[in-house]
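For reference, the structure discussed in these notes is given below.
The values are calculated or read from the model by the stated rules, or taken from the named source; none is laboratory data. Note that the structure is a prediction, hence the values are computed from the model and not measured. Quick reminder, even Gly has a Cβ in these numbers, built from the backbone with ideal geometry, and neighbours come from all protein chains shown. Just so you know, the surface numbers come from the protein's heavy atoms only, side chains and all, with ligands and any DNA or RNA stripped out. Shrake-Rupley method; radii C 1.70, N 1.55, O 1.52, S 1.80 Å.
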Amino acid sequence: SAVISQKPSRDICQRGTSLTIQCQVDSQVTMMFWYRQQPGQSLTLIATANQGSEATYESGFVIDKFPISRPNLTFSTLTVSNMSPEDSSIYLCSVVPGLAGGSREQFFGPGTRLTVL
Amino acid sequence: AQSVTQLDSQVPVFEEAPVELRCNYSSSVSVYLFWYVQYPNQGLQLLLKYLSGSTLVKGINGFEAEFNKSQTSFHLRKPSVHISDTAEYFCEDYQLIWGAGTKLIIKP
């Protein structure tokens with residue numbers, strides 16, 4: 001298993017600003033992911049955070065808008081840049097425990113609830 | 001493109017009645033399938049998983065699911081629900097593709 005913390009837990013931001021969300025895991029993991037969950041909806045994968053290389057983004061998400069850092073095997077950040085009200089959402093970090101990631105079972109952080117005014 | 005379909009956005013059921021939440025997947029290759037639960041104002045947690053082997057898998061809180069390759073389904077069941085099962089349930093495949101979610105509403 002894995003225990004994941006996220007900071008901040010929630011924030012209210014002004015249009016045009018940026019917010020960086022941190023994700024910390026209590027053990028080394030290879031696979032780490034960032035999701036967006038809009039109110040009442042399912043999860044949408046934003047990107048896979050790769051340690052030591054650029055993140056892999058899903059269709060519809062770009063690095064300029066959602067830059068991701070992964071400096072080591074226990075930590076990652078997601079920045080939401082130049083925010084608009086459409087970015088209001090819950091942002092989730094998840095990991096697959098271990099370094100092999102065989103089962104693909106994910107453990108989730110508590111989420112960051114972002115409101116953009 | 002691969003997809004995971006949860007046809008029911010909401011399932012209302014009386015307390016102590018059985019329930020089935022439906023999930024269909026589209027992958028034509030070997031799959032891993034997962035059900036996750038999100039209780040009100042809480043984070044997501046794994047309910048159960050199918051990796052290989054027995055097609056009937058048991059999870060936490062009395063839930064079970066059956067993998068059916070011919071029908072490309074992985075339906076979640078519980079023989080008798082409790083008010084504490086009120087939550088949203090998500091089906092996911094190993095390619096990080098998620099169903100739209102099903103809200104389980106327990107009627108007293």
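Against the criterion of solvent-accessible heavy-atom surface with a 1.4 angstrom probe, A:S84, B:S52 sort, most first, into B:S52, A:S84. Taken about its Cα centre, the stretch A:17-97 carries a charge dipole of about 80 debye when Lys and Arg each add +1 at the Cβ and Asp and Glu each add -1 at the Cβ.
The H on the amide N of B:A100, modeled in the peptide plane, is under 5 Å from the matching H of B:Q6, each at least 5 residues off or on a different chain. When you filter the trypsin sites (Lys or Arg not before Pro) in the stretch B:12-108 for DSSP loop state and at most 11 other Cβ atoms inside 10 Å of their Cβ, you are left with B:K69. The lysines whose alpha-carbon is closer than 30 Å to the alpha-carbon of B:K78, local same-chain residues fewer than 8 away aside, are B:K49, B:K58, B:K69, B:K103, B:K107. Taking the Cα centre of chain B as origin and assigning +1 to Lys and Arg Cβ atoms and -1 to Asp and Glu Cβ atoms, the resulting dipole is close to 120 debye.
Modelled spin labels at A:S59 and A:V3, positioned 7 Å past Cα toward Cβ, are 4.0 nm from each other.
Backbone amide hydrogens, once placed in the peptide plane, bring A:S27 within less than 5 Å of A:V3, excluding anything fewer than 5 places away on its chain.
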